[in-house]
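Asks: Okay, here's the structure, questions in a sec.
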């Protein structure tokens, strides 16, 4: 397409048809050859380039509705650091009509416990024979600007984006198709790469990707940081390991900030001896389409743990939330047992021998009073229960034991730290499971405290651990966080320290884990705002300053 023809297509968008000369181009840097694309979800390095499989990965709300796109980012591959002008060129090859997209992230998106926050970045690709462009400004999860240009593009398309001040100049097959405002989308001078496939096809190939500075600008390419964190010997993990009965101290970890936020990575590796994948092992992340698995982010967490002498408590194989839409709707009841067991076999088989523990079944107990009196015996009536009844739990644990014979297998639940019908029903369920010979090894107590009413007497918690010991079961604090009001940091500290003290003192309590460690990425962020306002439920604040809760944990371990 000629540039003059392109100008006529751009109603309401400034174009590059000003006659101004293009800036001089500097040295070219290849971003595919010799770079890591093997740890990129849905991608395969081939002789012809990087083959991108259509994942259609999405993040649903807790009730299963919605489904915001969650395309992968090549966190362990190259990213750019630049000043001044920049040009990025890519060759996209399609064979079956697949929509092909390249993502350029000025800031890596953040996933807050099943909710994706889009930060600044752009997406450029080919859809329906046209160039498709989207720009996110960091103030909404939807694009602030969406445009389509040109037409009649073939199966192989050469795309280019030039950063010229606060303008982004777009090209297809050597012709300028238009200029759009950049709005400081790359204001931090960094770009991470992602790719995705849409439409009805199976995928496409990124045959070339290269970058060069423009007009005297500067450009360098950075690979992912080393996973191993230099350590001192005075962290929480060291204090816990020095106890008469050593205890694992853990936290939930996300792959995104682990590889893009130095303070996050340093704190995670320095302070903790166990990690729980916050999202990256959940079904909608690892099997977004039936039979299509994406393990890159999960593998990264396992590699990080191994590099830093940490164990992995894997979370989770069977749950009624965080499911891909096909798993919720695209199967009959008769098919559900097969889907559940196949998912367990593939996922647990992939990580066999690499993780120490599994949450096999997550949150089986119901929130509805009627389920404690109508014959359900307190078990939540979700899609797995509807298909198999209570025996879905038996099947899940037996399948997990076969798939990963040496891992310790847990059931994980919330709201059972206190006395009441929920705990009574769980204890009765555990008794039945033991009587049936189900290979369950332990129970995780989440200990989420979002309000003052959630705070429980440590002695009530102790009684639960001792009751489990009587059944021959281990226990762990699995996801603790304590949301408090202004001026209540001391109360928060007491809650953390008290539960840790009980866990230390009861022989069957094997680990104490928080659900994240810094408010910067905490799951209690206020999602009514964009960007979300940080919560305050964790031992470090959003600037990585230690709170009284951190010091209280240290004191509890240093007695």
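Asks: Can you tell me which residues in the range 373-389 are farther than 21 Å from residue 322 by Cβ and surrounded by fewer than 17 Cβ atoms within 10 Å (Cβ to Cβ)?
Replies: Quick first cut of the range 373-389, residues farther than 21 Å from residue 322 by Cβ only: 373-378, 389.
The answer is 373, 374, 375, 377, 389.
Asks: Against the condition surrounded by fewer than 20 Cβ atoms within 10 Å (Cβ to Cβ), modelled with pLDDT of 95 or more, at positive phi and under 26 Å from the mean Cα position of the chain (by Cα), how does residue 420 come out, does it pass?
Replies: Criteria not met by residue 420.
Asks: Still on this structure, please answer the following. Taking the stated definitions as given, is residue 71 at pLDDT 95 or above and under 18 Å from the mean Cα position of the chain (by Cα)? Explain how you work it out, then say what you get.
Replies: Working: at pLDDT 95 or above: yes; under 18 Å from the mean Cα position of the chain (by Cα): yes.
Taking the combined requirement at face value, the residue satisfies it.
Asks: Test residue 477 against the criterion of being within 16 Å of residue 313 (Cβ to Cβ), in contact with a helix residue (DSSP H, G or I) (Cβ under 7 Å, 6 or more places away or on another chain) and not in a helix (DSSP H, G or I), and give yes or no.
Replies: The answer is yes for residue 477.
Asks: Still on this model: Please verify whether residue 542 is in the same structural domain as residue 483 (by TED's automatic domain parsing), within 20 Å of the chain's Cα centre (by Cα) and surrounded by fewer than 21 Cβ atoms within 10 Å (Cβ to Cβ), treating the condition exactly as stated.
Replies: It is true that residue 542 is in the same structural domain as residue 483 (by TED's automatic domain parsing), within 20 Å of the chain's Cα centre (by Cα) and surrounded by fewer than 21 Cβ atoms within 10 Å (Cβ to Cβ).
Asks: Restricting the search to the range 65-79, which residues are in contact with a helix residue (DSSP H, G or I) (Cβ under 8 Å, 6 or more places away or on another chain) and buried (at least 19 other Cβ atoms within 10 Å of the Cβ)?
Replies: 70, 72, 73, 75, 76
Asks: If you take the residues of the range 185-217 that are at pLDDT 95 or above and part of a loop (DSSP other than H, G, I, E, B), which of them is surrounded by the most Cβ atoms within 10 Å (Cβ to Cβ)?
Replies: 185
Asks: Looking only at residues that are at negative phi and modelled with pLDDT under 95 in the range 128-146, which one is nearest to the chain's Cα centre (by Cα)?
Replies: 141
Asks: From 438, 502, which residue is touching a helix residue (DSSP H, G or I) at 6+ places or on another chain (Cβ under 8 Å), over 29 Å from residue 244 (Cβ atoms) and not in a strand (DSSP E or B)? First the steps, then the outcome.
Replies: Working: 502 fails: over 29 Å from residue 244 (Cβ atoms).
Selected residue: 438, the only one of 438, 502 that is touching a helix residue (DSSP H, G or I) at 6+ places or on another chain (Cβ under 8 Å), over 29 Å from residue 244 (Cβ atoms) and not in a strand (DSSP E or B).
Asks: Among the numbered conditions (1) touching a residue at least 60 places away in the same chain (Cβ under 8 Å); (2) surrounded by 22 or more Cβ atoms within 10 Å (Cβ to Cβ), tell me where residue 492 comes up short.
Replies: Status for residue 492: all satisfied but (1).
Asks: For the range 218-233, name all the residues that are out of contact with any helix residue (DSSP H, G or I) (no Cβ under 9 Å at 6 or more places or on another chain) and surrounded by fewer than 20 Cβ atoms within 10 Å (Cβ to Cβ). Spell out how you get there, then give the answer.
Replies: Step one: of the range 218-233, the residues out of contact with any helix residue (DSSP H, G or I) (no Cβ under 9 Å at 6 or more places or on another chain) are 218-223, 233.
Within the range 218-233, 218, 220, 221, 222, 223, 233 meet the criteria.
Asks: With the condition kept exactly as written, say whether any residue in the range 55-70 is under 28 Å from residue 34 (Cα atoms) and out of contact with any strand residue (DSSP E or B) (no Cβ under 8 Å at 6 or more places or on another chain). Lay out the reasoning, then the answer.
Replies: Start the filter on the range 55-70 by keeping residues that are under 28 Å from residue 34 (Cα atoms), which leaves 55-57, 70.
Checking which are out of contact with any strand residue (DSSP E or B) (no Cβ under 8 Å at 6 or more places or on another chain) leaves us with none.
No: the range 55-70 contains no residue that is under 28 Å from residue 34 (Cα atoms) and out of contact with any strand residue (DSSP E or B) (no Cβ under 8 Å at 6 or more places or on another chain).
Asks: Would you confirm whether any residue within the range 458-474 is in the same structural domain as residue 548 (by TED's automatic domain parsing), closer than 21 Å to residue 364 by Cβ and assigned to a strand (DSSP E or B)?
Replies: Yes, the range 458-474 contains a residue that is in the same structural domain as residue 548 (by TED's automatic domain parsing), closer than 21 Å to residue 364 by Cβ and assigned to a strand (DSSP E or B).
Asks: Looking at (1) surrounded by 19 or more Cβ atoms within 10 Å (Cβ to Cβ); (2) in contact with a strand residue (DSSP E or B) (Cβ under 7 Å, 6 or more places away or on another chain), which one does residue 112 not meet, given that it meets all the others?
Replies: (2)
The values are calculated or read from the model by the stated rules, or taken from the named source; none is laboratory data. None of these values were measured; they are calculated from a predicted model. Positions of Cβ are generated from backbone atoms using ideal geometry, with glycine treated the same way; all protein chains shown enter the neighbour counts.
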